[in-house]
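Participant: Okay, handing you the structure first.
The values are calculated or read from the model by the stated rules, or taken from the named source; none is laboratory data. These figures come from a predicted structure and were not determined experimentally. Please note: Cβ atoms are built from the backbone with ideal geometry, for glycine as well, and neighbour counts cover all protein chains shown. Just the protein is used for accessible areas: all its heavy atoms, side chains included, with ligands, DNA and RNA removed. Shrake-Rupley method; radii C 1.70, N 1.55, O 1.52, S 1.80 Å.
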Amino acid sequence: MADSSSEIVARIGNGVGAFDAAAWDVCAGAGNPFVSHDFLTILEESGSATARAGWQPLPIAIEGADGQLVAVAPAYAKSHSQGEYVFDHAWADAWERAGGRYYPKLQIAVPFSPVPGPRLLLRDESVAPHLIAAIEAVTVQNNLSSAHATFIAPDQVPLFEAADWLIRTDSQFHWKNDGYATFDDFLAALSSRKRKAIRNEREAAARGLEIRHLTGADLTEDLWDAFWVFYQDTGSRKWGRPYLTRAFFSLLGERMADKVLLILACRDGAPIAGALNLVGADTLYGRYWGATEEVPFLHFELCYYQAIDAAIARGLRTVEAGAQGSHKLARGYLPVTTYSAHYIPDPGFRTAVADYLKRERAAVAREVAFLEEMGPFRRCR
């Protein structure tokens, strides 16, 4: 696909691994590890994001006149709606009841990762309309029902709006570092009742345990074996089966160890629970957690409080602790709006979805405003 007036060429790659890593990362930037060439190829090479798993990698790229990569979107042909965290099952049911075929659809996303970030990876923002047009062309030319860009960075929402994509909102809970030097500084900003509750939770969770923060060369295969057990237990309860393979964690430790923070709780030297985080330029991203022993409040300690400790120590601005979970509010994580964008070629289907999204956006805005009022911080803050 080519634009003769600008000598811009669009093409589909046979996986992210088909692209030069350095060229990809120039487009992706260094801020968000989830859109890096390393992370996305680890998903492919580990057998986690593959056609067999329902995630066929089809990255859509724009090349300049010199053949250099100037923009790319991590795109997948999806044969189901699992592992996305932006739920469109009702859309699929409605379209298929009307005689249509919803799957496969095109997904612009980071598989299994409800992490806001860029979905149009751009060396130059002026190329964004060409990349969006290429995504639309792939959707129409292959008779796909729709294209979906999920967990878009807020600053990219206007790019999709300009192309007349439908915008959907939801919410997550993120912790913001308000210049805290210590965890106690953070606690001082909370109401006295919340402050006391968190101290009690931390004391109960850590009793008799050693908490370890591990990164880099400390991430050995025996630790990944232990974490794999934790991950399988949580995955089987949440999703029916884990999305990621055991090989994913070994490759993550091999290629991105400096971006990984593994927080373990150990009893008598043996890990009994763990939380896996990735470290971005200004954000700590909490991803997976699991345990082989039930300990009150240990989930909160490893996933939320230890993450805050780590963010403060590293001078990071934000902790993103994953999708959903209003229980995070009492622990200092405040609601933020998340965004996705949707391209639906069929006019009737588009109108029905647009009407639904208008009402849903209003409901999300009301909920976020309500939750903000219920936050744990002192009113004089």
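Participant: Students sometimes get this wrong: rank THR292, THR234 by accessible area, probe 1.4 Å, all chains present, largest first.
Facilitator: Accessible-area ranking of THR292, THR234, largest first: THR292, THR234.
Participant: Next up: To the nearest 0.05, what FRET efficiency results for ALA352 and ALA133 with a Förster distance of 22 Å applied to their C-beta separation?
Facilitator: Rounded to the nearest 0.05, the efficiency is 0.35.
Participant: Continuing with the same structure: With the dipole of the range 41-129 worked out from charges on the C-beta (+1 for Lys and Arg, -1 for Asp and Glu) around the Cα centre, which of GLY99, VAL70, TRP55 lies farthest toward the positive end?
Facilitator: Highest projection toward the positive end goes to GLY99.
Participant: How big is the dipole moment of the range 250-338 about its Cα centre under a simple scheme where the beta carbon of each Lys and Arg is +1, that of each Asp and Glu is -1, and everything else is neutral? Debye, nearest 20, please.
Facilitator: With only Lys, Arg, Asp and Glu charged at Cβ, the dipole is about 260 debye.
Participant: Okay, moving on. What translational diffusion coefficient, in µm²/s and rounded to a whole number, does the Stokes-Einstein relation yield for the chain at 25 °C and a viscosity of 0.890 mPa s, taking the hydrodynamic radius as the Kirkwood radius over Cα pairs?
Facilitator: 112
Participant: Moving to a separate point now. For the chain, find the longest principal axis of its Cα atoms and tell me its angle to the long axis of helix 347-373, 0 to 90°, nearest 10.
Facilitator: Roughly 20 degrees, rounded to the nearest 10.
Participant: Where the only charges are on Cβ atoms (+1 Lys, Arg; -1 Asp, Glu), what is the dipole of the range 65-174 about its Cα centre, to the nearest 20 debye?
Facilitator: That gives a dipole near 340 debye.
Participant: Cα axis of helix 192-206 to longest principal axis of the chain: angle in degrees, 0 to 90, nearest 10?
Facilitator: Helix 192-206 sits roughly 80 degrees off the main axis of the chain.
Participant: OK, next. Can you give the FRET efficiency for ALA363 and HIS80, using 1/(1 + (r/R0)^6), R0 = 22 Å, r = Cβ-Cβ distance, to the nearest 0.05?
Facilitator: Taking R0 as 22 Å, the efficiency between ALA363 and HIS80 is 0.25.
Participant: Further question on the same structure: On full extension of the chain, what length is gained from ASP164 through ASN200, given 0.36 nm per residue of separation minus the C-alpha to C-alpha distance?
Facilitator: 8.0 nm
Participant: Is there a quick way to get the dipole size of the chain? I mean about its Cα centre, with the Cβ of Lys and Arg at +1 and of Asp and Glu at -1; what is the value in debye to the nearest 20?
Facilitator: In total the dipole reaches around 1420 debye.
Participant: Given contacts defined as C-alpha pairs under 8 Å and at least six residues apart, what's the relative contact order of the range 255-381, whole-number percent?
Facilitator: 18 percent.
Participant: What's the extension gain from GLU294 to GLU221 if we count 0.36 nm per residue and subtract their Cα-Cα distance?
Facilitator: Net length gain for the segment: 23.9 nm.
Participant: Also, quick follow-up: Label-point separation (nm) for THR234 and ALA189, each offset 7 Å from Cα along Cα-to-Cβ?
Facilitator: 2.4
Participant: Expressed in nm to one decimal, what extension gain is obtained for the pair ALA65 and CYS266 from 0.36 nm per residue of sequence separation less their Cα-Cα distance?
Facilitator: Once the chain is fully extended between ALA65 and CYS266, it gains 66.8 nm.
Participant: Further question: For the range 140-194, what does the accessible surface come to per residue with a 1.4 Å probe? Please give it in Å².
Facilitator: That works out to 44 Å² per residue.
Participant: Would you calculate, for the chain, the mean residue ellipticity at 222 nm contributed by helices, counting each DSSP H stretch of 4 or more residues as -39,500 (n - 2.57) and dividing by all residues, to the nearest 500?
Facilitator: So the helix-based figure for the chain works out to -11000 deg cm²/dmol.
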